[in-house]
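Shown next, in structure tokens, is the structure this report addresses.
The values are calculated or read from the model by the stated rules, or taken from the named source; none is laboratory data. This is a predicted model, so every value here is computed, not measured. Positions of Cβ are backbone-derived with ideal geometry, glycine not excepted, and every protein chain shown enters the neighbour counts.
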Number of protein chains: 2
Amino acid sequence: MAAQRRIDLVLDSVRRLLRIGASANLLNLLQKQHPADLAQVFSELPDKEREAAFSLLAERNGRLAMEAISELGPEAGAPLLATRPAEEIAKLAQEIPSDDAAALIDHLPEELSASVLNLMRPKESGVVENLLEYDEQTAGRIMNPHVFALSEDMTVGEAITELQTNRDVEMVFYLYVVDERRHLVGVTSLRRLLLVAPETPLKRIMTADLISARVDMDQEEVARQVASYNLLAIPVVDEENKLVGVITVDDVIDVIKDEATEDIMRLAGVAGDERVFTPAGESLRKRLPWLGVNLATAFLAASVVGLFTRTIDALPILAVFMPIVAGMGGNAATQTLTVIVRGIALGELSWSNSRKALIKEALVGIGNGIVLGAVAALVAGLFRGDPILGLVLGAAMVINMFVAATAGVLVPLGLRAGGVDPALASSVFITTMTDVFGFFSFLGLATLFARYLAAAG
Amino acid sequence: MAAQRRIDLVLDSVRRLLRIGASANLLNLLQKQHPADLAQVFSELPDKEREAAFSLLAERNGRLAMEAISELGPEAGAPLLATRPAEEIAKLAQEIPSDDAAALIDHLPEELSASVLNLMRPKESGVVENLLEYDEQTAGRIMNPHVFALSEDMTVGEAITELQTNRDVEMVFYLYVVDERRHLVGVTSLRRLLLVAPETPLKRIMTADLISARVDMDQEEVARQVASYNLLAIPVVDEENKLVGVITVDDVIDVIKDEATEDIMRLAGVAGDERVFTPAGESLRKRLPWLGVNLATAFLAASVVGLFTRTIDALPILAVFMPIVAGMGGNAATQTLTVIVRGIALGELSWSNSRKALIKEALVGIGNGIVLGAVAALVAGLFRGDPILGLVLGAAMVINMFVAATAGVLVPLGLRAGGVDPALASSVFITTMTDVFGFFSFLGLATLFARYLAAAG
């Protein structure tokens, strides 16, 4: 938490300096920060102060300002740019790598982004436009198109000279090797260059068997490759295997975080891209449909209760215990569903081992049902002095927890087989099922055994 | 998905070769795989076949077998080792880096892990034992203690020679520089060595201002540093700033995934370390306490319903609509809670900007409440021919969604301020609140307006 404390200190100073209008001191403070820390400070500042601080920095140190809002992410960063004239945005965009610039420009209002692209240097805007042509969430969209490559006909000595003269090359832990038409043919490392004589042909020390990503590969798959093979970067090739870019591990970390966030949000019925400070109106629009579907299914469940109004009429005490059966089923289902959805996302679960998962969850569901059903039966039986009511409650819980467990496994696997994100739609299906089965089993059993149940006191 | 298809093919072949007992062919196939792919194959094989395939590989290619189960993770990997004699485990453990070995040995049954450590080469077992002395989930526990460092008194030429002779050095994208007592004093890169004359002192081209992690730093904080500063590795130092290890970005990716999984699981009331194939008995034990707490709170909510049995007695139709108010409040609260908990985890939300989040969520809650309350009021009013019942239902939903939104923000922030993981305990508190307030507002309003409500048809 030391880092957070330091940022809090900076944050306080920024706000104080803004208040007293000490621009020179403020600029001085901001320029001393790492872009990632600045992004953190920006994200915690109230809107007006964030704009003021960003404006000041953008005018004096465009690169740092742009690096900071790149770190902040395009959703939060682009609005800071959007208030500025297109000429200035075009100039600022040229200060950062094309992939970061593309992400920011893509999040500007449409007209503004078109003028910005028009105003950028033709070469730079061309690169950005090319990136924007790739589909969102693909390798092409997140790659850095400025990738350093060595020619396969070089010697090691020539390669070293090339590295020494190309001063702005950043990523040199992997040296990609291409043929004369820029097809990717191999990879080597700076360290390997140092271990052999300068006249050795590069071909002889390169590894021809290397992992690459196609421009149209889904970013999640790219992340999975980089993570499972422990890579620091992955070269990106087009359909002809020509080297067109590179994705480094820091971009992959962002993808992994975003995908995890998406899963967490979707499981809760929130859009994958919603964040804490998404404007209220947008959040409302994004959350309403899901709540609307839930309302419809709640009415469906209510209509099941409606089938038993006569029983409830005779025994109003049933209304007291009825939500317990449905609610506990919902809780148990959420547990199973979450374990299964995360297992799918982590690649631990597939069709081939789903039977094992189903058996396990069914056992856990029955086990939980028996233990909790017994407790609930005891409590209800003792406090109400009605052992049959307790038994009905316990039995309904066992049934509903078994339903919860099997649905928790089968629904996400089924959705996935049908090409639907299991994190997105599973929970609606499943809570509906646990509500309907919960009400039906409890009230149904109560109706069957009505004559043995004591009337409410 | 191409990677998954390839793994499915390998998986099928492995099962076929095991069935017909073609050990030589199987071994040949296994040895051609990358450790990460082998881990995937192992994870999808049924228990018996996994053990058979691992045994075969361990006997012939111990290193690959161990690398594969390291990739698989210690929870799933250690049980494969545990069936083998201690001598063999000790030999196998020496085939992989000490941090990976330590993680596996730590997950063996206690007696077995003690004998394994006894049987390892003193130097190796010493390193592993040292690692095991650090607390779980700290930098010390996940670092690689074999870190390559250069002395600050060297020249660039000497440093290059050192690199050329130390052939087993893996990570050379950052070259850490230490003084004669191994205090960390700077960092440079292989590429920078190539840009200057061999007689340049190392001191002159190193950066003295570098980011490091203390051995006792929480792994989550380590991951945050590496991710936000886009590092490929972070040096680990002891309390005297002596260099003791290094954590590379691939380990950080594992931490980020684990922490995200932990958050997802905890939000659903599942232990952070539970996985799809955690044995049923263990899952049951881990999930029961949470369900038990929920059962207790469900009885609490039920007792609120119990306060109104007289009203329900008179109007059993209330029992039909009652779960809708509570359920929709629960859904809305889960949305808010998830956005807030994830915002805290991503560092986007802190006390300083929590007021803004509270106002936003309250607005969204009221907005959702009005829209959905109106729909529910209409449906209930029209279908039941009782507009007052519709109004009561709608008003209760608005109230409960407002409660859901404010609780969804305040409970996780409050828990966090109290040092409790907000992902862990928030949902119990919040569903209890939405149930209690849902029942109370709906049945309370219905009791107030009882004389205007039509009796059930």
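A few notes on this one:
- A single entry from B:219, B:225 fulfils the requirement of being more than 9 Å from chain A (Cβ to nearest Cβ) and either free of Cβ contacts under 8 Å to residues at least 12 places away in the same chain or touching a strand residue (DSSP E or B) at 6+ places or on another chain (Cβ under 7 Å) (or both): B:219.
- Scanning the range A:114-162 for residues that are modelled with pLDDT under 85 and part of a helix (DSSP H, G or I) yields a total of 12.
- So residue A:303, is it of a type in the set (S, T, N, Q) and over 22 Å from residue A:267 (Cα atoms): yes
- Exclusive hit being at pLDDT 90 or above, out of contact with any strand residue (DSSP E or B) (no Cβ under 6 Å at 6 or more places or on another chain), surrounded by 18 or more Cβ atoms within 10 Å (Cβ to Cβ) and farther than 28 Å from residue A:317 by Cβ, set A:415, A:393: A:415
- Residue B:381 vs. criteria part of a loop (DSSP other than H, G, I, E, B) and either in contact with a strand residue (DSSP E or B) (Cβ under 6 Å, 6 or more places away or on another chain) or surrounded by fewer than 20 Cβ atoms within 10 Å (Cβ to Cβ) (or both): no
- Scanning the range B:328-357 for residues being of a type in the set (A, V, I, L, M, F, W, C), surrounded by 24 or more Cβ atoms within 10 Å (Cβ to Cβ) and either facing another protein chain (nearest Cβ under 7 Å) or touching a Phe, Trp or Tyr at 6+ places or on another chain (Cβ under 9 Å) (or both) gives a total of 5.
- Qualifying residues in the range A:324-342 (those that are among the β-branched types (Val, Ile, Thr) and more than 23 Å from the chain's Cα centre (by Cα)) - the one nearest to residue B:301 (Cα to Cα): A:324
- Among residues of the range A:291-316, those that are touching a Leu at 6+ places or on another chain (Cβ under 8 Å), at the interface with chain B (Cβ under 7 Å from one of its Cβ atoms) and of a type in the set (Val, Ile, Thr), counted: 2
- Residue match in the range A:39-48 (condition: without any contact (Cβ under 8 Å) to a residue 24 or more places away in the chain and farther than 29 Å from residue B:417 by Cα): no
- Among (1) among the aliphatic types (A, V, I, L, M); (2) in a helix (DSSP H, G or I); (3) buried (at least 18 other Cβ atoms within 10 Å of the Cβ), the one test that residue B:270 misses: (2)
- Every condition in (1) farther than 24 Å from residue A:260 by Cα; (2) touching a residue at least 40 places away in the same chain (Cβ under 8 Å) holds for residue B:335 except the one numbered (1).
- The set of residues in the range A:16-36 that are within 14 Å of chain B (Cβ to nearest Cβ), assigned to a helix (DSSP H, G or I) and closer than 13 Å to residue A:65 by Cα comprises A:35, A:36.
- Filter result for the condition that a residue is surrounded by 22 or more Cβ atoms within 10 Å (Cβ to Cβ), closer than 27 Å to residue A:346 by Cα and either under 30 Å from the mean Cα position of the chain (by Cα) or in the same structural domain as residue B:225 (by TED's automatic domain parsing) (or both), over B:78, B:65, B:82: B:65
- Check on residue A:441, within 13 Å of another protein chain (Cβ to nearest Cβ), assigned to a helix (DSSP H, G or I), crowded, with 19+ Cβ neighbours inside 10 Å and not aliphatic (A, V, I, L, M): no
- Test for residue A:250: is it facing another protein chain (nearest Cβ under 7 Å), free of Cβ contacts under 8 Å to residues at least 12 places away in the same chain and either out of contact with any strand residue (DSSP E or B) (no Cβ under 7 Å at 6 or more places or on another chain) or among the hydrophobic types (A, V, I, L, M, F, W, C) (or both): yes
- Residue in the range B:228-242 that is more than 27 Å from residue A:39 (Cβ to Cβ), surrounded by 16 or more Cβ atoms within 10 Å (Cβ to Cβ) and of a type in the set (A, V, I, L, M, F, W, C) present: no
- For the range A:276-290, a residue qualifies if it is at the interface with chain B (Cβ under 9 Å from one of its Cβ atoms) and farther than 20 Å from residue B:358 by Cα, and exactly one does: A:290.
Listed here are the residues, each with its yes/no results for (1) within 14 Å of chain A (Cβ to nearest Cβ); (2) among the charged types (D, E, K, R); (3) under 26 Å from residue B:255 (Cα atoms).
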{"residue": "B:159", "(1), (2), (3)": "yes, no, no"}
{"residue": "B:191", "(1), (2), (3)": "yes, yes, no"}
{"residue": "B:199", "(1), (2), (3)": "no, yes, no"}
{"residue": "B:204", "(1), (2), (3)": "no, yes, no"}
{"residue": "B:213", "(1), (2), (3)": "yes, no, yes"}
{"residue": "B:238", "(1), (2), (3)": "no, yes, yes"}
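- Selection within the range A:402-438 - away from chain B (no Cβ under 12 Å) and assigned to a loop (DSSP other than H, G, I, E, B): A:418, A:420, A:421
- Within the range B:275-296, residues that are under 19 Å from residue B:423 (Cβ atoms) reach partners that are among the small types (Gly, Ala, Ser) with beta carbons closer than 6 Å, at six or more positions or on different chains, in the pairs B:286/B:271; B:290/B:269.
- Filter result for residue B:246 (within 29 Å of residue B:157 (Cβ to Cβ), outside any loop (DSSP other than H, G, I, E, B) and in contact with a helix residue (DSSP H, G or I) (Cβ under 9 Å, 6 or more places away or on another chain)): no
- Taking the range B:358-371 as the range and being hydrophobic (A, V, I, L, M, F, W, C), in contact (Cβ under 8 Å) with a residue 24 or more places away in the chain and more than 7 Å from chain A (Cβ to nearest Cβ) as the test, the residues that pass are B:358, B:362, B:366, B:370.
- Filter pass, residue B:209 being at pLDDT below 90, closer than 20 Å to residue A:226 by Cα and surrounded by fewer than 21 Cβ atoms within 10 Å (Cβ to Cβ): no
- Across the range B:92-111, not a single residue is classified as at pLDDT 90 or above and part of a strand (DSSP E or B).
- Scanning the range A:31-45 for residues that are of a type outside the set (A, V, I, L, M), surrounded by 24 or more Cβ atoms within 10 Å (Cβ to Cβ) and over 22 Å from the mean Cα position of the chain (by Cα) yields nothing.
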